[in-house]
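Working notes, beginning with the structure itself.
Read-outs throughout are calculated quantities, based only on the coordinates presented, and are distinct from any laboratory measurement. If you're wondering where the values come from, they're calculated on a predicted model, not measured in any experiment. Because the Cβ atoms are built from the backbone with ideal geometry, glycine has one as well, and the counts that use them run over all protein chains shown.
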2 protein chains.
Amino acid sequence: MYVAVMGYGTVGSGVVEVLTKNHDSIVKKSLHDDIAVKYILDCRDFSAHLDSKKFIKDFNTILEDPEIDVVVETMGGIDPAFDFSLACLKKGKSVVTSNKELVAAKGLELLNAARENNANFLFEASVGGGIPIIRPISQCLAANEIEEICGILNGTTNFILSKMIKDNLSFDQSLKLAQENGYAEKDPTDDIDGHDAARKICILASLCFGNHVYPEHVYTEGITNITLADIDYASSFGSVIKLIAVAKKCSGGKIYTIVSPAIVNNASQLSGVDDVFNAVLVKGNATGDVVFYGKGAGKMPTASAVVADVIDCSNHLIHRKDFGWDASSENYVTDYLDAVLSLYVRARAKDPVKALNSLHKTFDCATVLTRKNAPADEIAFVTPAACERDLLEKIRGIDEIEILSTIRVSEC
Amino acid sequence: MYVAVMGYGTVGSGVVEVLTKNHDSIVKKSLHDDIAVKYILDCRDFSAHLDSKKFIKDFNTILEDPEIDVVVETMGGIDPAFDFSLACLKKGKSVVTSNKELVAAKGLELLNAARENNANFLFEASVGGGIPIIRPISQCLAANEIEEICGILNGTTNFILSKMIKDNLSFDQSLKLAQENGYAEKDPTDDIDGHDAARKICILASLCFGNHVYPEHVYTEGITNITLADIDYASSFGSVIKLIAVAKKCSGGKIYTIVSPAIVNNASQLSGVDDVFNAVLVKGNATGDVVFYGKGAGKMPTASAVVADVIDCSNHLIHRKDFGWDASSENYVTDYLDAVLSLYVRARAKDPVKALNSLHKTFDCATVLTRKNAPADEIAFVTPAACERDLLEKIRGIDEIEILSTIRVSEC
């Protein structure tokens, strides 16, 4: 069986490397006598590369070659990845991708094209790098009605928060360290603002609940406003701060989904997930809590997930895997402000005693937090659980305080 | 598609319950218009049961009914589960089982029968209850050469050890508590002596490394000799004691596998796995460390794993899943005493100063441990890493000590 790889960047070159390095055991697991890379599509010059003969610049070479059964898309971005993938599927070629942006924005269209043309569109590598998540959810947990999925889906932000928590570094210092270690890009916006995690929770939510969720419908908050003061207060509350992505079933067939920093209790399986590691917690109605944990990124883990999909395609060239989700109706995603939760609040109060009095008049049972060396005019507390909109209104109604930060308390 | 369930115990009744409760979403995930239970085989009387018409006592009813495509085996034990399963496979019916004893002892024969008769033999529920493990290993990590697999595979012993560690209860008290909570059977031998974990590591090792490993070849030690003194010393060493099952590739195509209590460093992902939870850590050459975590037993988790296999069968009735392992040569499993590791030792010494002198003459860099309220004649230490056989010889050669316990130090 012949494979074409589109995009010879970090993941694409890793795919070629894994297919070469583990060639024999991979072929053994497939139904074919051989699995080989025939073309590598990349606009850059690889004439000095050992495999230079495989490099091509014209996508049509792949599209028009009937020997190519599986196309690996590791270009990233939507354009031209979407057009190329769609064209391949329409020709009945299976497509395997690690491109979360593509799956989150165009998954439904590509899955439909795969279905109509009896091809496979697989994307295990798009969430959680090398951690098996997509297939376990779609197959192993198939007997479950999944009620909720939440997780730490972005390694960069988890590394930064871990450094803040463990080494007392500031956000800026931690970000710099992440960049020096190659864990954050020069322009880290996509990661630190939560967009990368939002794309991944879209993919997971679409898969778990059966209807496409688009990134623009996921309320997304990043970690740039998290301070060491918040981390200290969380610690006094027996918790850590993590960037958590959640998708949960609501009444009326709707779902709640959000990406935001959250106060995670130390008893949660997610609290101990540090550095660049990712973890996904799936709550099924039969299986209970199941957690998948591992490195969520990196060349070889991600490449190995892509290759696992290539093997799966090779075993399903004729009998396509039925896999995917449907379109979603308008307002499928609920307004995040409707959700019931507790909020952590840090605020400035000229007269803390008066402020706490007001606080206790507003909430029957708010938990007041303390930390070492807090300024005299700082207070922090956790509200009881209620609708977020109401909580915010009540908090903003406390005249004696100036709100510095609010962070959701996670139920994971 | 029609299913027959053999054995209406905890798991079998759970399977029927999951198939009923989540019927619509299950059918949606299959390629069939319906999935229904036609027969339930059980020798007991269920004439008063709501579904009494489905209960049968004669296995041949299932075997001879061409409408039955998938047979669920949840009887437990080898006899008659093996004969029944083999007969079904020979008729081309797929078999799904949760029976680890059957898979560990007869997996190779049943997989071969499945292959020869174009049927599926699936057993996701045999390891880790509802935690997806078998399929992620065989499919998602297919692009990896797996180097090692280790885990906490038995919930009963993990519950007992957790109670000893956290609540300072003795082994006997913890076992009693486990029995009262329904986590341990009246006769707990299979669990506390490590046999249950040994069966599971056989299945995982067979799958990961491609050749059948039989329980009788796995050196197995239970937890009955673990004392609170050992737990305290482990704690002073920054570790906890867990019943760990390991299988690891060795040179010459052989494998090392063992089930025994082990000193697990607090930095390990396995150290925080408490109570009845299980976790499996898989080390792939491309993906790095991946951990699967969840409840390793229980009616509904296990039943949901069985049903996921039923769904998978329903989608592969014609195109069989190729899945399994080969026979193993003699001496495929190495002598466990050849492995290189460190040992924790607790001993009695009439003259501790003299004993420690001897110890330091024997080992260049043994780590001496302390604990509160230790008897004056007790010493404990951790040896440097060396071949277990040599270590034992050296320790036994220290005349000044009487060995009370030795526990392996885990590398997981």
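For this structure, a couple of remarks:
- Computed about its Cα centre, the charge dipole of chain A is approximately 580 debye, with only Lys, Arg, Asp and Glu carrying charge at their Cβ.
- The gain in end-to-end length when the B:D377 to B:K91 segment is fully stretched comes to 96.3 nm, 0.36 nm per residue minus the alpha carbon separation.
- Here r is the Cβ-Cβ distance between A:A36 and B:E393 and R0 is 56 Å; the resulting FRET efficiency, rounded to 0.05, is 0.60.
- Largest mean-square fluctuation among A:N144, A:N99, A:N158, in a Gaussian network model of chain A whose springs join Cα atoms under 10 Å apart, belongs to A:N144.
- With N counted as the residues of the range B:68-139, its alpha-carbon radius of gyration over 2.2 N^0.38 Å works out to 1.01.
- FRET efficiency, A:C365 to A:E180 (Cβ-Cβ, R0 56 Å, nearest 0.05): 0.80
- Binned Cα-Cα distance frequencies in the range A:15-131 - 5 Å width, integer %: 2, 11, 19, 23, 22, 16, 6, 1, 0
- Most mobile listed residue (B:A184, B:A245, B:A303) in chain B, GNM with C-alpha springs under 10 Å: B:A184
- Of the cross-linked pairs B:K91/B:K299; B:K176/B:K249; A:K29/A:K295; B:K91/B:K248; A:K249/B:K91, those separated by over 31 Å at the C-alpha level are B:K176/B:K249; B:K91/B:K248; A:K249/B:K91.
- Per residue, the Cα convex hull of chain A amounts to 145 Å³.
- Longest segment of chain B lacking trypsin sites (Lys or Arg not before Pro) that sit in a DSSP loop with at most 12 other Cβ atoms within 10 Å: B:187-349
- Ellipticity at 222 nm from helices only: DSSP H runs of n ≥ 4 in chain A, each -39500 (n - 2.57), divided by the residue count, give -10000 deg cm²/dmol.
- Spin-label model, A:A385 to A:N60: label points 7 Å out along the Cα-to-beta-carbon direction sit 6.0 nm apart.
- Rounded FRET efficiency, nearest 0.05, which uses the C-beta distance separating B:E147 from A:L50 and R0 of 22 Å: 0.25
- Net dipole in debye of the range B:338-409 [+1 Lys, Arg Cβ; -1 Asp, Glu Cβ; about Cα centre; nearest 20]: 240 debye
- For peptide A:303-311, the mean count of partner chain Cβ atoms within 10 Å of a residue's Cβ comes to 5.
- Dimensionless Rg over Rh [the range B:338-409; C-alpha; Kirkwood]: 0.94
- Unit Cα scatterers, Debye sum, the range A:229-273: log10 I(q)/I(0) for q = 0.29 Å⁻¹: -0.98
- If the segment from A:N266 to A:N168 were pulled out straight at 0.36 nm per residue, it would be longer than the present Cα-Cα gap by 33.5 nm.
- Kirkwood Rh and Cα Rg combined as Rg/Rh, the protein assembly as shown: 0.98
- DSSP loop GluC sites (Glu not before Pro) with at most 15 other Cβ within 10 Å excluded, longest remaining stretch of chain A: A:186-329
- Whether the range A:184-271 is rounded, prolate or oblate, judged on the alpha carbon gyration tensor where a/c under 1.5 counts as rounded: oblate
- For chain A, modelled as a GNM whose springs connect Cα atoms under 10 angstrom apart, the maximal fluctuation among A:V264, A:V18, A:V280 occurs at A:V18.
- Virtual paramagnetic centre 7 Å along Cα→Cβ of A:L404, amide N under 17 Å, in the range A:345-359: A:345-356
- Both radii are taken from the alpha-carbon atoms of the range A:115-242; with Rh as the Kirkwood radius, Rg/Rh is 1.04.
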